[in-house]
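Only one structure is covered here, and it is reproduced in the block below.
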Amino acid sequence: MATNAVDETKATEATTEKAVDTTESDEATRTEAPAKAEVVETEVTETEVAETKEEAPTGTGQGAAAVVSAALGLVSLTGSWVGTIAAARQNLVGQLETAQNAGVAQQIQAVYGDAWQATALWGGLFAVVALVVGVVTLARPAFGTPGRVQATWIKSVAWAGVSLGVIGLFLAVLKYTGILLGLPSAS
């Protein structure tokens, strides 16, 4: 039995020594790795970082302007909260200012026609802003760093904004003049 206990004790000590050796080698690896990383790192001054940023603009502003142009063009087509409020206000003003004895054509124009024109006016305003922002975004590289190429997605989105602005402006003019969905005749 004593031999058995001695064998088990030696086996336990051997296992413990291996565990200690493994732990020591892991600790040595962990301490060596940061030392190697410190040697590889280089020191960069703040002026070098500032020069790098000045040399390579990211185009974030142009991308944002292109997205804004497309969004404004879409708003010019679908309508806006401001246009809806302006139309409701004009409708109310038309109801208040129209006399009871006014003709049907005059009442229709005051209550519905002016509101329709207010909506068209705001849609046209959004379309013009979309056009201006899109054209400025597309023209920006001509006034920027020579040789700097504008990203393709920025050009595409800016052209989409310009296209939506042109369509929105065309529809706004048609709505305002009564060519598109004009008021019904009162006769």
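The values are calculated or read from the model by the stated rules, or taken from the named source; none is laboratory data. Just so it is clear, the structure is predicted and the values come from calculations on it, not from any experiment. Neighbour counts are summed over all protein chains in view; Cβ atoms, including those assigned to glycine, are modelled from backbone coordinates with ideal geometry. The protein model used for the area step is the full one, side chains on, heavy atoms only, and it has no ligands, DNA or RNA in it. Shrake-Rupley method; radii C 1.70, N 1.55, O 1.52, S 1.80 Å.
Could you list which residues have their amide H under 5 Å from that of Ala151, counting only those 5 or more apart in sequence or on another chain, with H placed in the peptide plane?
none
Which FRET efficiency value, to the nearest 0.05, is calculated for Ser163 and Tyr112 with the Förster distance at 30 angstrom and r the Cβ-Cβ distance?
My answer for the efficiency is 0.45.
Applying 1/(1 + (r/R0)^6) with R0 = 45 Å to the Cβ-Cβ distance of Val132 and Leu183, what FRET efficiency is obtained, to the nearest 0.05?
Numbers: r = 31 Å, r/R0 = 0.69.
My answer for the efficiency is 0.90.
Heads up, I need the accessible area for Trp153: 1.4 angstrom probe, whole protein in place, Å², nearest 10.
140 Å²
Applying the Karplus parametrisation 6.51 cos²θ - 1.76 cosθ + 1.60 with θ = phi - 60° to the phi angles of segment 129-142, what ³J(HN,Hα) value in whole Hz is obtained for each residue in order, glycine and proline being reported as x?
After applying 6.51 cos²θ - 1.76 cosθ + 1.60, I find 5, 4, 4, 5, 5, x, 5, 4, 5, 6, 7, 4, x, 5 Hz.
Considering amide H positions built from the backbone, and no H for Pro or chain starts, which residues 5 or more places from Leu180, or on another chain, come under 5 Å of its amide H?
So Leu180 has HN proximity to Lys175.
Mind giving me the nanometre distance, one decimal, between the label points for Thr98 and Ile85, set 7 Å out from Cα along Cα→Cβ?
Going by the 7 Å Cα→Cβ label model, 2.5 nm.
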